[in-house]
Amino acid sequence: MNRALTGADIFDGKQLHEGKAFLLDGDVFCGIVPAESVPAAFGIEELSGGTILPGFVDLQANGGGGVMFNDETSVDGLRAIAQAHATTGTRALLPTLITDTPSRTRAAVEAVEAAIEHKMPGIIGIHLEGPHLSVARKGAHDPELIRPMTDSDEAFLVETAKRLANVMLTVAPENVTCNQIARLSEAGVIVSLGHTDCTMTEAEAAFEAGARCVTHLFNAMSQMGNREPGLVGAALNTSTISAGMIADDIHVHQASMRVALSSKQGPGNIFLVTDAMSTVGSDITELKLNGRRILRQNGQLTLEDGTLAGADLELSHALSILVENMGIPKERAFAMATLFPAQVLPQPGTAGRFVVGSAANAILLDDSLRYIRGL
């Protein structure tokens, strides 16, 4: 069925279009044309405002639908997570394994490989957040499982990058050497710095070695001071580095987000992540991570001692905070949830943008930036 969707703005990954029609042949994207120039073969479907855009891309999703990836490192677990995130507008994600045992890590990689072989919608790779982090900045990660990277760890990760198109790895320079970072980067792993107390000099050395991303900017890392800029300062000062950010107005103050967005120079970009736990797409009020209770209260997730433990966040809500509360232009905010994270990936495919002749994976937001439905 050929459809021409009109009456909504259209964000194509880079540019926001007004007064245009979005052309679909079934679910295949056919182009964007002026609303008054719709080809005769396309039936017009009038929408009541809002914005059409590529499905969200989330590079840090720990769970969803009542399932934590750490607990259900299986194809069924991944299906539940992907389906839960799809109900919020996410069409491409990296299921994220929080620091765990080597056997659990291997099982997670095998599950993702199987899911991709079965062409499971939404699953495009894996994010391993740990275990090679800093205990000083552990956050909700189990300190008993944090450790230095060994030769066998490195060999496993290099092999994983051969098996999966997109492998993201969060590490701390305290437990990973620059030589290891260089070899992993050369193998195709997206090395991201996070959960670290490193100095700016140490961060820059890791960047020089091949690290090209920072995990949840501001959270669980050395902060920017007047004499020691830390990882935050290094990330904002290094133009090639991209950084995820949890824009829930809980993990990071709006003023800090605004300063970061104002100072960040490309080609690296700040992009949105949910850092979502199993609460996405569910009504559960608590969960467990490595045997520890995580409580869901007042829009946030915490360990019993009050430590933030992931986020209770959907990307459409993050967009509303950026646009409606902070005044960030829609084009940049939309790109932060679509194109910018996709650009971090070695093999993004069509994620985060529209490509003529390919599945659109388009979504519709209302005028308040709430997710309405897929198109």
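The values are calculated or read from the model by the stated rules, or taken from the named source; none is laboratory data. Owing to the predicted nature of the structure, the values given are computational and were not obtained by experimental measurement. Every residue, glycine as well, gets a Cβ built from its backbone with ideal geometry; the counts of neighbours run over all protein chains shown. The accessibility values were calculated without ligands, DNA or RNA, using every heavy atom of the protein model including side chains. Shrake-Rupley method; radii C 1.70, N 1.55, O 1.52, S 1.80 Å.
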message: Modelling each spin label as a point 7 Å along the Cα-to-Cβ direction, I'd like the Asp25/Ala40 distance in nm, to one decimal.
response: 1.8
message: Across the stretch 230-375, what fraction of all alpha-carbon pairs, as a whole percent, falls in each successive 10 Å bin from zero upward?
response: 10, 35, 35, 18, 1, 0
message: Can you classify the stretch 200-239 as rounded, prolate or oblate using the Cα gyration tensor, where a ≥ b ≥ c are the square roots of its eigenvalues, rounded means a/c under 1.5, and otherwise it's prolate if a/b beats b/c and oblate if not?
response: oblate
field: Theoretical FRET efficiency, 1/(1+(r/R0)^6), r = Cβ-Cβ of Lys162 and Lys14, R0 25 Å, to 0.05
entry: 0.20
- prompt: Is the shape of the stretch 1-40 rounded, prolate or oblate, going by the alpha carbon gyration tensor and its root eigenvalues a ≥ b ≥ c, with a/c under 1.5 for rounded and a/b larger than b/c for prolate?
  reply: oblate
query: How much length is gained if the chain between Leu295 and Asp283 is pulled fully straight, taking 0.36 nm per residue apart and subtracting their Cα-Cα distance, in nm to one decimal?
result: 3.1 nm
task: Jot down the per residue volume, in cubic angstrom and as a whole number, of the convex hull over the alpha-carbon atoms of the stretch 176-252.
output: 83
statement: Expressed as a percent, the portion of alpha-carbon pairs in the stretch 132-262 spaced more than 24 Å apart is 26
task: Express as a percent, rounded to the nearest 5, the fraction of DSSP beta bridges in the stretch 1-62 (both residues included) that run antiparallel.
output: 65
For the chain: span of alpha carbons on each principal axis (Å, largest first): 63, 46, 42
Rg(Cα) / (2.2 N^0.38 Å) computed for the stretch 219-283, rounded to two decimals: 1.24
task: Can you figure out the FRET efficiency of Asn2 with Glu110, using R₀ = 30 Å and their beta-carbon distance, to the nearest 0.05?
output: 0.15
query: Rounded to the nearest 500 deg cm²/dmol, what is the calculated helix-only ellipticity per residue at 222 nm for the chain, with -39500 (n - 2.57) per DSSP H run of length n ≥ 4?
result: -7500 deg cm²/dmol
R0 of 41 Å, Cβ-Cβ distance Val135-Ser368: FRET efficiency to nearest 0.05: 0.45
field: Mean shadow area of the stretch 256-332, taken as a quarter of the surface of its Cα convex hull (nm²)
entry: 6.6
field: Among 305-313, 287-295, 330-338, 42-50, the order from most to least packed when residues are scored by Cβ within 10 Å on average
entry: 330-338, 305-313, 287-295, 42-50
Heavy-atom SASA rank of Asp76, Asp9 (probe 1.4 Å, accessible area, largest first): Asp76, Asp9
query: Could you give the length gained on full extension between Ala155 and Arg332, defined as 0.36 nm per residue of separation minus the Cα-Cα distance, in nm?
result: 59.9 nm
- prompt: Please state the Cα pair-distance histogram of the stretch 2-124 with 5 angstrom bins from zero: what percent is in each bin?
  reply: 2, 11, 18, 16, 12, 10, 11, 9, 6, 3, 1, 0
query: Setting aside same-chain residues fewer than 8 positions from Lys20, which lysines have a Cα under 29 Å from its Cα?
result: Lys330
Phi to ³J(HN,Hα) by Karplus 6.51 cos²θ - 1.76 cosθ + 1.60 over the stretch 314-328, Hz, x for Gly, Pro: 10, 5, 5, 5, 4, 4, 5, 5, 5, 7, 7, 8, 10, x, 6
statement: The ratio Rg/Rh over the Cα atoms of the stretch 294-362, Rh being the Kirkwood inverse mean 1/r radius, stands at 1.11
